[in-house]
Amino acid sequence: MTPRIPTILMCPPDYFGIEYEINPWMNRAFPADHGLAVQQWHALRGLLSELGATIETVTPCSGLPDLVFTANAALIDGRTAILSRFRHPQRQGEEAVFRDRLTQLGFEVIELPADEYFEGAGDALFCGETLFAGYRIRSSVHSLQRVAARIGAQVIPLELTDERFYHLDTCFCPLSQTSAIWFPAAFDHYGRQVIEANVETLIALDEAEATCFAANAVVLGRSVVTNIGCPRLHQQLRLAGFEPVATPLSEFVRAGGSAKCLTLRLDGEDAAAWAQRHPSDL
Ligand code: ARG
(Lines give C-alpha, C1' and ligand atoms only; values in the text may rest on other atoms or scores of the structure.)
Protein backbone atom coordinates (compact mmCIF):
# COMPACT_ATOMS: atom_id res chain seq x y z
CA MET A 1 0.00 0.00 0.00
CA THR A 2 1.39 3.42 -0.91
CA PRO A 3 1.84 5.63 2.14
CA ARG A 4 -0.78 8.29 2.75
CA ILE A 5 0.31 11.80 1.83
CA PRO A 6 -1.36 14.30 4.15
CA THR A 7 -3.24 16.86 2.06
CA ILE A 8 -4.16 20.20 3.57
CA LEU A 9 -6.40 22.99 2.29
CA MET A 10 -5.19 26.52 3.05
CA CYS A 11 -6.10 30.02 1.83
CA PRO A 12 -3.46 32.73 1.35
CA PRO A 13 -4.08 35.78 3.57
CA ASP A 14 -4.25 38.39 0.74
CA TYR A 15 -7.47 39.88 2.15
CA PHE A 16 -7.05 38.84 5.79
CA GLY A 17 -7.74 41.52 8.40
CA ILE A 18 -9.82 42.42 11.44
CA GLU A 19 -12.81 44.01 9.71
CA TYR A 20 -15.56 43.02 12.16
CA GLU A 21 -15.85 41.53 15.64
CA ILE A 22 -17.52 38.14 15.99
CA ASN A 23 -15.48 36.68 18.82
CA PRO A 24 -13.82 38.19 21.91
CA TRP A 25 -10.37 38.13 20.29
CA MET A 26 -11.32 40.43 17.44
CA ASN A 27 -11.04 44.16 18.03
CA ARG A 28 -10.99 46.57 15.12
CA ALA A 29 -8.95 48.95 17.29
CA PHE A 30 -6.12 46.38 17.16
CA PRO A 31 -5.79 45.45 13.50
CA ALA A 32 -3.48 42.73 12.26
CA ASP A 33 -0.13 43.71 10.74
CA HIS A 34 -0.79 42.55 7.19
CA GLY A 35 2.84 42.09 6.16
CA LEU A 36 3.55 40.07 9.27
CA ALA A 37 0.41 37.95 8.75
CA VAL A 38 1.58 37.11 5.21
CA GLN A 39 5.01 36.15 6.55
CA GLN A 40 3.53 33.98 9.33
CA TRP A 41 1.15 32.24 6.93
CA HIS A 42 3.96 31.40 4.50
CA ALA A 43 6.12 30.12 7.34
CA LEU A 44 3.29 27.82 8.46
CA ARG A 45 2.72 26.61 4.92
CA GLY A 46 6.45 25.99 4.45
CA LEU A 47 6.67 24.08 7.71
CA LEU A 48 3.72 21.83 6.84
CA SER A 49 5.26 21.09 3.43
CA GLU A 50 8.59 20.26 5.06
CA LEU A 51 6.73 17.87 7.33
CA GLY A 52 5.48 16.06 4.24
CA ALA A 53 2.08 17.61 3.55
CA THR A 54 0.76 18.54 0.12
CA ILE A 55 -0.90 21.96 0.25
CA GLU A 56 -3.99 22.75 -1.82
CA THR A 57 -5.24 26.33 -1.80
CA VAL A 58 -8.46 28.28 -2.07
CA THR A 59 -8.23 31.53 -4.05
CA PRO A 60 -8.58 34.45 -1.61
CA CYS A 61 -11.57 36.77 -2.09
CA SER A 62 -11.75 40.45 -1.23
CA GLY A 63 -14.45 41.12 1.38
CA LEU A 64 -13.95 37.69 3.03
CA PRO A 65 -11.14 38.33 5.54
CA ASP A 66 -11.75 35.11 7.50
CA LEU A 67 -11.54 32.84 4.43
CA VAL A 68 -8.00 32.03 5.63
CA PHE A 69 -9.58 29.88 8.35
CA THR A 70 -10.18 26.86 6.12
CA ALA A 71 -10.87 24.58 9.12
CA ASN A 72 -14.30 26.18 8.98
CA ALA A 73 -14.96 25.19 5.37
CA ALA A 74 -16.52 21.81 6.02
CA LEU A 75 -16.28 18.50 7.83
CA ILE A 76 -14.47 15.95 5.69
CA ASP A 77 -15.58 12.32 5.85
CA GLY A 78 -13.94 10.22 3.13
CA ARG A 79 -14.89 11.78 -0.19
CA THR A 80 -17.83 13.63 1.36
CA ALA A 81 -17.62 17.21 2.61
CA ILE A 82 -20.39 18.53 4.84
CA LEU A 83 -20.31 22.22 4.02
CA SER A 84 -20.44 24.77 6.80
CA ARG A 85 -23.38 27.07 7.47
CA PHE A 86 -21.88 30.04 9.26
CA ARG A 87 -23.72 31.63 12.17
CA HIS A 88 -22.50 35.15 11.42
CA PRO A 89 -23.57 36.87 8.19
CA GLN A 90 -20.03 38.27 7.89
CA ARG A 91 -18.75 34.77 7.08
CA GLN A 92 -21.70 33.39 5.11
CA GLY A 93 -20.18 34.53 1.79
CA GLU A 94 -17.41 31.97 2.34
CA GLU A 95 -19.81 29.05 1.90
CA ALA A 96 -20.06 29.33 -1.90
CA VAL A 97 -16.28 29.73 -2.26
CA PHE A 98 -15.59 26.61 -0.20
CA ARG A 99 -18.39 24.69 -1.94
CA ASP A 100 -16.91 25.38 -5.38
CA ARG A 101 -13.34 24.57 -4.36
CA LEU A 102 -14.27 21.33 -2.59
CA THR A 103 -16.37 20.25 -5.59
CA GLN A 104 -13.41 21.00 -7.85
CA LEU A 105 -11.23 18.86 -5.60
CA GLY A 106 -13.59 15.95 -6.19
CA PHE A 107 -15.67 15.94 -3.00
CA GLU A 108 -19.38 15.25 -2.86
CA VAL A 109 -20.48 18.42 -1.10
CA ILE A 110 -23.47 18.10 1.21
CA GLU A 111 -25.34 21.28 2.15
CA LEU A 112 -27.31 21.46 5.39
CA PRO A 113 -30.72 23.19 5.59
CA ALA A 114 -30.41 26.99 5.56
CA ASP A 115 -31.65 27.44 9.14
CA GLU A 116 -28.85 25.36 10.69
CA TYR A 117 -25.45 26.47 11.93
CA PHE A 118 -22.44 24.27 11.50
CA GLU A 119 -18.83 25.47 11.33
CA GLY A 120 -17.07 22.39 9.95
CA ALA A 121 -13.82 21.07 11.35
CA GLY A 122 -13.71 24.08 13.68
CA ASP A 123 -16.43 22.38 15.70
CA ALA A 124 -16.36 18.70 14.71
CA LEU A 125 -13.30 16.54 15.28
CA PHE A 126 -12.91 12.79 14.99
CA CYS A 127 -11.02 10.98 17.72
CA GLY A 128 -11.09 7.28 16.88
CA GLU A 129 -14.58 6.27 15.72
CA THR A 130 -16.27 9.14 17.54
CA LEU A 131 -17.07 12.62 16.33
CA PHE A 132 -16.55 15.13 19.14
CA ALA A 133 -18.60 18.21 18.38
CA GLY A 134 -18.82 21.62 20.03
CA TYR A 135 -22.08 23.57 20.04
CA ARG A 136 -23.91 26.68 21.27
CA ILE A 137 -21.53 29.52 20.44
CA ARG A 138 -21.24 28.71 16.71
CA SER A 139 -22.63 25.32 15.61
CA SER A 140 -26.10 24.41 16.81
CA VAL A 141 -26.69 21.16 18.69
CA HIS A 142 -29.39 20.19 16.22
CA SER A 143 -27.05 20.47 13.23
CA LEU A 144 -24.51 18.22 14.95
CA GLN A 145 -27.12 15.47 15.22
CA ARG A 146 -27.95 15.90 11.55
CA VAL A 147 -24.29 15.77 10.52
CA ALA A 148 -23.65 12.65 12.59
CA ALA A 149 -26.74 10.93 11.17
CA ARG A 150 -25.67 11.85 7.63
CA ILE A 151 -22.25 10.23 8.00
CA GLY A 152 -23.36 7.44 10.36
CA ALA A 153 -20.95 8.38 13.15
CA GLN A 154 -21.43 8.38 16.89
CA VAL A 155 -21.37 12.02 18.00
CA ILE A 156 -20.57 13.41 21.42
CA PRO A 157 -22.00 16.92 21.62
CA LEU A 158 -20.01 19.18 23.93
CA GLU A 159 -21.38 22.50 25.09
CA LEU A 160 -18.80 25.28 24.82
CA THR A 161 -19.18 27.55 27.81
CA ASP A 162 -16.43 30.16 27.47
CA GLU A 163 -16.79 32.72 24.65
CA ARG A 164 -13.02 32.83 24.19
CA PHE A 165 -13.08 29.15 23.19
CA TYR A 166 -15.94 29.49 20.75
CA HIS A 167 -14.94 26.65 18.42
CA LEU A 168 -14.10 23.15 19.65
CA ASP A 169 -10.71 23.32 17.93
CA THR A 170 -9.67 26.14 20.28
CA CYS A 171 -9.92 23.87 23.34
CA PHE A 172 -9.74 20.24 22.15
CA CYS A 173 -7.27 18.61 19.77
CA PRO A 174 -7.17 14.88 19.04
CA LEU A 175 -3.55 13.69 18.74
CA SER A 176 -4.30 10.09 17.84
CA GLN A 177 -7.29 7.75 18.02
CA THR A 178 -6.88 7.56 21.80
CA SER A 179 -5.26 10.81 22.91
CA ALA A 180 -5.98 14.54 22.87
CA ILE A 181 -4.93 17.95 24.14
CA TRP A 182 -7.70 19.86 25.95
CA PHE A 183 -8.53 22.85 28.11
CA PRO A 184 -10.97 21.47 30.70
CA ALA A 185 -12.31 24.88 31.81
CA ALA A 186 -13.82 25.51 28.37
CA PHE A 187 -16.41 22.76 29.01
CA ASP A 188 -19.18 22.27 31.54
CA HIS A 189 -19.09 19.49 34.12
CA TYR A 190 -20.84 17.03 31.81
CA GLY A 191 -18.48 17.80 28.93
CA ARG A 192 -15.44 17.26 31.10
CA GLN A 193 -16.79 13.92 32.30
CA VAL A 194 -17.64 12.73 28.81
CA ILE A 195 -14.22 13.64 27.43
CA GLU A 196 -12.49 11.95 30.35
CA ALA A 197 -14.59 8.83 29.87
CA ASN A 198 -14.01 8.62 26.12
CA VAL A 199 -10.42 9.65 25.50
CA GLU A 200 -7.80 7.39 27.08
CA THR A 201 -4.93 9.88 27.34
CA LEU A 202 -5.50 13.58 27.87
CA ILE A 203 -3.00 16.41 28.06
CA ALA A 204 -4.56 19.33 29.92
CA LEU A 205 -3.62 22.94 29.19
CA ASP A 206 -3.43 25.69 31.75
CA GLU A 207 -5.21 28.97 31.10
CA ALA A 208 -2.07 30.81 29.95
CA GLU A 209 -1.26 28.25 27.26
CA ALA A 210 -4.89 27.75 26.28
CA THR A 211 -5.13 31.49 25.57
CA CYS A 212 -2.02 31.16 23.35
CA PHE A 213 -4.16 28.80 21.26
CA ALA A 214 -2.03 25.80 22.29
CA ALA A 215 -4.97 23.47 21.57
CA ASN A 216 -5.23 24.80 18.03
CA ALA A 217 -2.56 22.44 16.75
CA VAL A 218 -1.94 20.75 13.41
CA VAL A 219 -1.10 17.08 13.91
CA LEU A 220 0.93 15.37 11.18
CA GLY A 221 1.92 11.91 12.36
CA ARG A 222 4.10 12.47 15.42
CA SER A 223 4.65 16.17 14.62
CA VAL A 224 2.43 18.73 16.32
CA VAL A 225 2.54 22.33 15.04
CA THR A 226 1.38 25.14 17.34
CA ASN A 227 1.69 28.87 17.88
CA ILE A 228 4.68 29.98 19.97
CA GLY A 229 4.20 30.48 23.71
CA CYS A 230 3.30 27.01 24.90
CA PRO A 231 6.54 25.43 26.21
CA ARG A 232 4.71 23.49 28.92
CA LEU A 233 2.54 21.72 26.35
CA HIS A 234 5.58 21.07 24.18
CA GLN A 235 7.35 19.44 27.09
CA GLN A 236 4.33 17.21 27.76
CA LEU A 237 4.10 16.30 24.08
CA ARG A 238 7.76 15.30 24.01
CA LEU A 239 7.20 13.06 27.03
CA ALA A 240 4.30 11.46 25.20
CA GLY A 241 6.50 10.72 22.16
CA PHE A 242 5.43 13.59 19.90
CA GLU A 243 7.61 16.18 18.20
CA PRO A 244 6.20 19.64 18.84
CA VAL A 245 7.09 22.53 16.53
CA ALA A 246 6.31 26.20 17.27
CA THR A 247 5.72 28.89 14.65
CA PRO A 248 4.57 32.46 15.40
CA LEU A 249 0.92 33.15 14.52
CA SER A 250 0.21 36.32 16.53
CA GLU A 251 -1.61 38.12 13.70
CA PHE A 252 -4.13 35.31 13.29
CA VAL A 253 -4.67 35.11 17.06
CA ARG A 254 -6.00 38.70 16.75
CA ALA A 255 -8.81 37.18 14.67
CA GLY A 256 -9.33 34.30 17.11
CA GLY A 257 -7.43 31.62 15.20
CA SER A 258 -4.10 29.84 15.03
CA ALA A 259 -2.40 26.90 13.27
CA LYS A 260 -5.28 24.43 13.12
CA CYS A 261 -7.85 27.02 12.06
CA LEU A 262 -5.68 27.88 9.06
CA THR A 263 -5.83 24.29 7.75
CA LEU A 264 -8.32 21.65 6.65
CA ARG A 265 -7.05 18.10 6.36
CA LEU A 266 -8.59 16.79 3.13
CA ASP A 267 -7.49 13.18 3.53
CA GLY A 268 -8.78 12.93 7.11
CA GLU A 269 -7.00 13.64 10.36
CA ASP A 270 -4.58 11.03 11.67
CA ALA A 271 -6.85 10.71 14.73
CA ALA A 272 -9.87 9.72 12.60
CA ALA A 273 -10.39 5.96 12.51
CA TRP A 274 -11.97 6.16 9.05
CA ALA A 275 -8.91 7.84 7.59
CA GLN A 276 -6.76 4.91 8.64
CA ARG A 277 -9.20 2.40 7.11
CA HIS A 278 -9.52 4.13 3.74
CA PRO A 279 -6.20 5.36 2.45
CA SER A 280 -6.68 8.57 0.55
CA ASP A 281 -6.91 8.58 -3.23
CA LEU A 282 -6.53 12.34 -3.45
N1 ARG B 1 -12.45 35.19 12.97
C2 ARG B 1 -12.83 33.84 12.76
C3 ARG B 1 -14.21 33.61 13.37
O4 ARG B 1 -14.47 34.15 14.40
C5 ARG B 1 -11.82 32.89 13.32
C6 ARG B 1 -12.10 31.45 13.00
C7 ARG B 1 -11.17 30.51 13.64
N8 ARG B 1 -11.40 29.20 13.18
C9 ARG B 1 -11.41 28.09 13.95
N10 ARG B 1 -11.51 26.95 13.35
N11 ARG B 1 -11.40 28.14 15.27
O12 ARG B 1 -15.03 32.90 12.87
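The values are calculated or read from the model by the stated rules, or taken from the named source; none is laboratory data. These numbers come from a predicted model, not from an experiment. Heads up, the Cβs are rebuilt from the backbone with ideal geometry, glycines too, and the neighbour counts pull from every protein chain shown. To get the accessible areas, we keep the full protein, side chains included, count just its heavy atoms, and leave off ligands, DNA and RNA. Shrake-Rupley method; radii C 1.70, N 1.55, O 1.52, S 1.80 Å.
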### Heavy-atom accessible area order for E200, E269, E94, largest first, 1.4 Å probe
E200, E269, E94
### Summary
Residues whose built amide H sits under 5 Å from the amide H of L220, excluding neighbours closer than 5 in sequence, are V225
### Query
For Q154, what is the net charge nearby, where nearby means another residue's Cβ is under 14 Å from its Cβ and Lys, Arg count +1, Asp, Glu -1?
-1
### Message
Can you give me the long-range amide H partners of T247? Hydrogens built in the peptide plane at 1.01 Å from N, cutoff under 5 Å, separation of 5 or more residues or another chain.
### Response
T226, N227, I228
### Query
Alpha carbon centre of the stretch 169-194 versus the stretch 28-73: separation in Å?
25
### Query
Once the other residues with Cβ under 9 Å from the Cβ of F16 are scored (Lys, Arg +1; Asp, Glu -1), what is the net sum?
-3
### Task
Kindly provide the helix-only [θ] at 222 nm of the chain, computed as the sum of -39,500 (n - 2.57) over DSSP H runs of four or more divided by all residues, to the nearest 500 deg cm²/dmol?
-7500 deg cm²/dmol
### Message
What percent of all Cα-Cα pairs in the chain falls into each 10 Å bin, going from 0 up to the bin containing the maximum distance?
### Response
7, 33, 40, 19, 1, 0
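Take the alpha carbon gyration tensor of the stretch 137-189, find the square roots of its eigenvalues, order them as a ≥ b ≥ c, and report rounded if a/c is under 1.5; if not, report prolate when a/b exceeds b/c, else oblate.
It comes out oblate by the Cα gyration axes.
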### Query
If you plug each phi of the stretch 111-120 into the Karplus form 6.51 cos²θ - 1.76 cosθ + 1.60 with θ = phi - 60°, what whole-Hz ³J(HN,Hα) values come out, in order, with x for Gly and Pro?
10, 7, x, 4, 8, 10, 10, 8, 10, x
## Note on the structure
Of the accessible area of the stretch 56-210, computed with a 1.4 Å probe and all protein chains kept, carbon and sulfur make up a percent value of 47
## Note on the structure
Amide H contacts under 5 Å for I203, restricted to residues at least 5 apart in sequence or on another chain and with H modeled in the peptide plane, are A180, I181, W182
### Summary
With every protein chain in place, the accessible area of Y190 for a 1.4 Å probe, in Å² rounded to the nearest 10, comes to 130
## Note on the structure
Heavy-atom accessible area per residue of the stretch 150-282, all protein chains kept, 1.4 Å probe, expressed in Å², is 37
